Amino acid sequence: MRDRSVVHLLAETDARWHGLFAQDGRRLDCGVQDAPADVLVPGGPVAEILGVLLDNARTHGRGSVRVTVRALDDALDDALAFDVADEGTVTAEPEGLFARGRTGGGNGGTGIGLALARDLAVSLGGRLFLPGGDPTTFTLLVPVVPVAPATR
(Lines give C-alpha, C1' and ligand atoms only; values in the text may rest on other atoms or scores of the structure.)
Protein backbone atom coordinates (compact mmCIF):
# COMPACT_ATOMS: atom_id res chain seq x y z
CA MET A 1 0.00 0.00 0.00
CA ARG A 2 1.60 3.25 -1.14
CA ASP A 3 0.79 6.40 0.80
CA ARG A 4 -0.06 9.43 -1.33
CA SER A 5 -0.55 13.10 -0.66
CA VAL A 6 -4.12 14.32 -0.92
CA VAL A 7 -3.25 16.60 -3.85
CA HIS A 8 -1.61 13.72 -5.75
CA LEU A 9 -4.56 11.42 -5.07
CA LEU A 10 -7.05 14.03 -6.27
CA ALA A 11 -5.01 14.67 -9.43
CA GLU A 12 -5.00 10.92 -10.18
CA THR A 13 -8.73 10.72 -9.50
CA ASP A 14 -9.44 13.65 -11.79
CA ALA A 15 -7.25 12.21 -14.55
CA ARG A 16 -9.01 8.85 -14.36
CA TRP A 17 -12.62 10.06 -14.13
CA HIS A 18 -12.82 13.51 -15.74
CA GLY A 19 -13.13 12.17 -19.32
CA LEU A 20 -15.76 9.61 -18.37
CA PHE A 21 -17.99 12.26 -16.84
CA ALA A 22 -17.32 14.60 -19.78
CA GLN A 23 -18.47 11.85 -22.19
CA ASP A 24 -21.77 11.88 -20.31
CA GLY A 25 -21.98 15.69 -20.54
CA ARG A 26 -21.29 15.99 -16.82
CA ARG A 27 -18.70 17.90 -14.84
CA LEU A 28 -16.27 16.55 -12.23
CA ASP A 29 -14.55 18.88 -9.77
CA CYS A 30 -11.91 17.72 -7.29
CA GLY A 31 -10.52 19.99 -4.59
CA VAL A 32 -9.26 20.50 -1.06
CA GLN A 33 -11.17 22.60 1.46
CA ASP A 34 -9.60 23.61 4.77
CA ALA A 35 -7.07 20.77 4.76
CA PRO A 36 -3.37 20.70 3.87
CA ALA A 37 -2.94 19.21 0.40
CA ASP A 38 0.31 17.45 1.35
CA VAL A 39 -1.19 15.25 4.08
CA LEU A 40 -0.65 11.55 3.37
CA VAL A 41 -3.40 8.94 3.16
CA PRO A 42 -3.34 5.24 2.17
CA GLY A 43 -3.38 5.89 -1.58
CA GLY A 44 -4.46 2.58 -3.12
CA PRO A 45 -7.39 1.84 -0.82
CA VAL A 46 -8.65 5.43 -0.83
CA ALA A 47 -8.43 5.55 -4.65
CA GLU A 48 -10.40 2.29 -4.82
CA ILE A 49 -13.14 3.64 -2.54
CA LEU A 50 -13.32 6.91 -4.47
CA GLY A 51 -13.60 4.85 -7.65
CA VAL A 52 -16.63 3.01 -6.29
CA LEU A 53 -18.25 6.27 -5.19
CA LEU A 54 -17.58 7.98 -8.53
CA ASP A 55 -18.86 4.98 -10.48
CA ASN A 56 -21.96 5.07 -8.29
CA ALA A 57 -22.41 8.81 -8.94
CA ARG A 58 -21.94 8.28 -12.67
CA THR A 59 -24.40 5.39 -12.83
CA HIS A 60 -27.07 6.54 -10.36
CA GLY A 61 -26.44 10.25 -9.80
CA ARG A 62 -27.16 13.41 -11.73
CA GLY A 63 -25.45 16.61 -12.76
CA SER A 64 -22.06 17.77 -11.61
CA VAL A 65 -20.02 15.68 -9.20
CA ARG A 66 -17.71 17.15 -6.57
CA VAL A 67 -14.95 15.38 -4.66
CA THR A 68 -13.92 17.56 -1.73
CA VAL A 69 -11.35 16.80 0.94
CA ARG A 70 -11.78 18.62 4.23
CA ALA A 71 -10.36 18.65 7.71
CA LEU A 72 -12.53 17.40 10.55
CA ASP A 73 -12.73 20.37 12.90
CA ASP A 74 -9.78 20.03 15.28
CA ALA A 75 -9.05 16.44 14.30
CA LEU A 76 -6.69 17.40 11.45
CA ASP A 77 -3.92 15.28 12.88
CA ASP A 78 -6.15 12.20 12.95
CA ALA A 79 -8.43 12.04 9.91
CA LEU A 80 -9.74 13.72 6.79
CA ALA A 81 -13.17 13.60 5.18
CA PHE A 82 -13.58 12.91 1.45
CA ASP A 83 -17.04 14.02 0.31
CA VAL A 84 -18.39 12.77 -3.03
CA ALA A 85 -21.53 14.69 -3.95
CA ASP A 86 -23.71 14.88 -7.04
CA GLU A 87 -26.97 16.68 -7.82
CA GLY A 88 -29.18 13.62 -7.48
CA THR A 89 -31.40 12.55 -4.62
CA VAL A 90 -31.39 9.34 -2.60
CA THR A 91 -34.72 8.35 -1.09
CA ALA A 92 -33.71 4.85 0.05
CA GLU A 93 -32.75 4.06 3.62
CA PRO A 94 -29.03 4.99 3.87
CA GLU A 95 -28.00 1.73 5.55
CA GLY A 96 -29.77 -0.28 2.87
CA LEU A 97 -27.50 1.22 0.22
CA PHE A 98 -24.57 -0.61 1.80
CA ALA A 99 -26.29 -4.01 1.86
CA ARG A 100 -24.74 -6.60 -0.41
CA GLY A 101 -26.88 -7.37 -3.44
CA ARG A 102 -28.66 -4.01 -3.42
CA THR A 103 -28.54 -2.18 -6.73
CA GLY A 104 -30.69 0.47 -8.28
CA GLY A 105 -31.73 1.73 -11.65
CA GLY A 106 -32.11 -1.70 -13.25
CA ASN A 107 -28.54 -1.53 -14.54
CA GLY A 108 -27.82 -5.19 -13.85
CA GLY A 109 -25.11 -4.35 -11.32
CA THR A 110 -24.02 -6.79 -8.66
CA GLY A 111 -24.85 -4.48 -5.78
CA ILE A 112 -21.65 -5.12 -3.87
CA GLY A 113 -19.64 -1.97 -4.68
CA LEU A 114 -20.78 0.20 -1.78
CA ALA A 115 -20.67 -2.74 0.63
CA LEU A 116 -17.09 -3.58 -0.36
CA ALA A 117 -16.08 0.09 -0.26
CA ARG A 118 -17.47 0.37 3.27
CA ASP A 119 -15.60 -2.79 4.34
CA LEU A 120 -12.38 -1.38 2.87
CA ALA A 121 -12.90 1.91 4.70
CA VAL A 122 -13.38 0.04 7.99
CA SER A 123 -10.22 -2.01 7.33
CA LEU A 124 -8.32 1.31 7.16
CA GLY A 125 -9.77 2.42 10.48
CA GLY A 126 -12.17 4.75 8.67
CA ARG A 127 -15.88 4.98 7.87
CA LEU A 128 -18.06 5.34 4.79
CA PHE A 129 -21.59 6.67 5.14
CA LEU A 130 -24.31 8.75 3.49
CA PRO A 131 -24.82 11.93 5.54
CA GLY A 132 -27.08 13.56 2.98
CA GLY A 133 -29.57 12.28 0.44
CA ASP A 134 -30.55 15.62 -1.15
CA PRO A 135 -28.20 16.22 -2.79
CA THR A 136 -26.59 12.80 -2.66
CA THR A 137 -23.39 13.01 -0.62
CA PHE A 138 -21.23 10.11 0.51
CA THR A 139 -18.51 10.79 3.09
CA LEU A 140 -15.37 8.73 3.56
CA LEU A 141 -13.48 9.34 6.80
CA VAL A 142 -9.83 8.36 6.41
CA PRO A 143 -7.11 8.27 9.05
CA VAL A 144 -4.11 10.37 8.15
CA VAL A 145 -0.86 8.45 7.72
CA PRO A 146 1.52 9.47 10.51
CA VAL A 147 4.68 11.10 9.24
CA ALA A 148 7.82 9.38 10.51
CA PRO A 149 10.19 11.72 12.32
CA ALA A 150 13.14 12.76 10.19
CA THR A 151 16.40 11.03 11.01
CA ARG A 152 19.83 12.43 10.44
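The values are calculated or read from the model by the stated rules, or taken from the named source; none is laboratory data. Being a predicted model, the structure only gives us computed values, none of them experimental. Quick reminder, even Gly has a Cβ in these numbers, built from the backbone with ideal geometry, and neighbours come from all protein chains shown. The protein model used for the area step is the full one, side chains on, heavy atoms only, and it has no ligands, DNA or RNA in it. Shrake-Rupley method; radii C 1.70, N 1.55, O 1.52, S 1.80 Å.
Debye calculation, C-alpha points only, no solvent: report log10 I(q)/I(0) for segment 40-93 at q = 0.31 Å⁻¹, in the same order as the q values.
-1.19
For the pair residue 72 and residue 16, what calculated FRET efficiency results from E = 1/(1 + (r/R0)^6), where r is the Cβ-Cβ distance and R0 = 25 Å, to the nearest 0.05?
On the way: r = 26 Å, r/R0 = 1.03.
Efficiency computed from Cβ-Cβ geometry: 0.45.
Could you please tell me the mean projected area of the C-alpha convex hull for segment 17-72, averaged over all directions and given in square nanometres to one decimal?
Numbers: hull surface 17.1 nm².
With the hull built on Cα positions only, its mean projection is 4.3 nm².
Please work out how much accessible surface residue 27 shows to a 1.4 Å probe, ignoring ligands, DNA and RNA, in Å² rounded to 10.
Approximately 140 Å² of residue 27 is accessible to the 1.4 Å probe.
Report the paramagnetic label zone for residue 23: residues of segment 51-72 whose backbone N is under 11 Å from a point 7 Å from Cα along the Cα-to-Cβ axis.
From segment 51-72, the list is empty.
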